[in-house]
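Colleague: Input: one structure, supplied below.
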Amino acid sequence: MRERKEYLYRKAQEERERATEARKKKVKTALETNAPLPTDLKKDALEIQKLLDTETPGIDPLATHEDDEYRWAGVEDPNILITTAHDPSPKLREFTKELRLVFPNSHRVNRGGFGSKQLVDSCRSNNITDLIVVHEHRGIPNGVDICHLPYGPTAYFSLYNVVTRHDIPDVGTMSEVFPHLIFHNFTSKLGGRVQSILKYLFPVPKESNQRVITFFNDDDFISFRHHTWKKGENKGDDPVLTEVGPRFEMQIYKILLGTLDQENIAETEWRLHNFVRTANKRKLLTNADDEENKEKD
């Protein structure tokens, strides 16, 4: 509990530092362009200039709570536990078995009668870095919760069009080497946040590994595709891709600044609201400028 309070304190401190940095940036811009100072900064301009004089070039003064959440990413491999909602159907059990092969260093367990708090506490005591809970509706997988431990965040995704390996024609052999990752079209701040949550579920691969996982964002729906590849028979030929599955689409609808068992008490970082879902041409995971440039091209 004390560590959780320290984390929340650091997050509040980060907000204050971000506000200070914004004020410093305004003063710096005014000094460089010889423009008048904004009225609200005239009183504190001298103090802000002193802060500017003490800055070290090349160092980002803001250390975010996101940096703290994933401070061991790339240093230690993730250790993932995959489970389901209570009383899973055979279809959901099959899907979670395939997810276990998708994520290196992952383990699949039957949830039994464990509640969310028991599940999270058990993961913490066994040095699990990420908990993945898959949900279903009438035997069809329809949601996945990704909880980073020990303190969060927790991302909630809807699942659509789930196709398991068994239903993919000419499916290839599943490789268990660490995959290379491709992320396309995650250019907004929210897009970068979602990319980080997904990216840090995977360890760093060797350059020679011939396995690739793609997260392709189109209109805020993320297509998941899983392939292995090999070199073409002749020099100059394109690599030959073989889909190994599973495949599905996912959509983010909530990010919680806490763990799965704190859904009713933790702060919500972002939520998909009804008016956002129906807004015309608004892309949440992509910057509007990127979309305009793409249309021009």
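Colleague: For the stretch 97-119, which residues satisfy the criterion of being closer than 17 Å to ILE197 by Cβ and assigned to a helix (DSSP H, G or I)?
Modeller: Correct list: LEU99, VAL102.
Colleague: Next question. Those residues that are touching a strand residue (DSSP E or B) at 6+ places or on another chain (Cβ under 6 Å), surrounded by fewer than 18 Cβ atoms within 10 Å (Cβ to Cβ) and among the polar types (S, T, N, Q), I need them from the stretch 215-255; list them, please.
Modeller: SER223, THR242
Colleague: (1) open to solvent by 50 Å² or more (accessible area, probe 1.4 Å); (2) part of a loop (DSSP other than H, G, I, E, B): which one isn't true of LEU181, the others all being true?
Modeller: The one condition LEU181 does not meet is (2).
Colleague: Go over the candidates ALA35, ALA22 one by one and state the one that is modelled with pLDDT of 75 or more, assigned to a loop (DSSP other than H, G, I, E, B), among the aliphatic types (A, V, I, L, M) and open to solvent by 40 Å² or more (accessible area, probe 1.4 Å). Before the answer, list the steps.
Modeller: Details: ALA22 fails: assigned to a loop (DSSP other than H, G, I, E, B).
Result: ALA35 is the single residue among ALA35, ALA22 that is modelled with pLDDT of 75 or more, assigned to a loop (DSSP other than H, G, I, E, B), among the aliphatic types (A, V, I, L, M) and open to solvent by 40 Å² or more (accessible area, probe 1.4 Å).
Colleague: Still on this structure, I have one more. Starting from residues that are of a type in the set (Ser, Thr, Tyr) and part of a loop (DSSP other than H, G, I, E, B), keep the ones in the stretch 125-176 and report whichever is least open to solvent (accessible area, probe 1.4 Å). Outline the logic, then answer.
Modeller: Step one: filter the stretch 125-176 for residues of a type in the set (Ser, Thr, Tyr), giving 125, 129, 151, 154, 156, 158, 160, 164, 173, 175.
If we keep only those that are part of a loop (DSSP other than H, G, I, E, B) too, we end up with 129, 151, 164, 173, 175.
Numbers: THR129: 38, TYR151: 49, THR164: 1, THR173: 115, SER175: 31 Å².
Only one residue tops the list, namely THR164.
The values are calculated or read from the model by the stated rules, or taken from the named source; none is laboratory data. What you see is a predicted model, and the numbers here were worked out from it, not measured in a lab. As a convention, Cβ positions derive from the backbone with ideal geometry for all residues, glycine included, and neighbour counts pool all protein chains shown. Note: areas computed on protein heavy atoms with side chains; ligands, DNA, RNA excluded. Shrake-Rupley method; radii C 1.70, N 1.55, O 1.52, S 1.80 Å.
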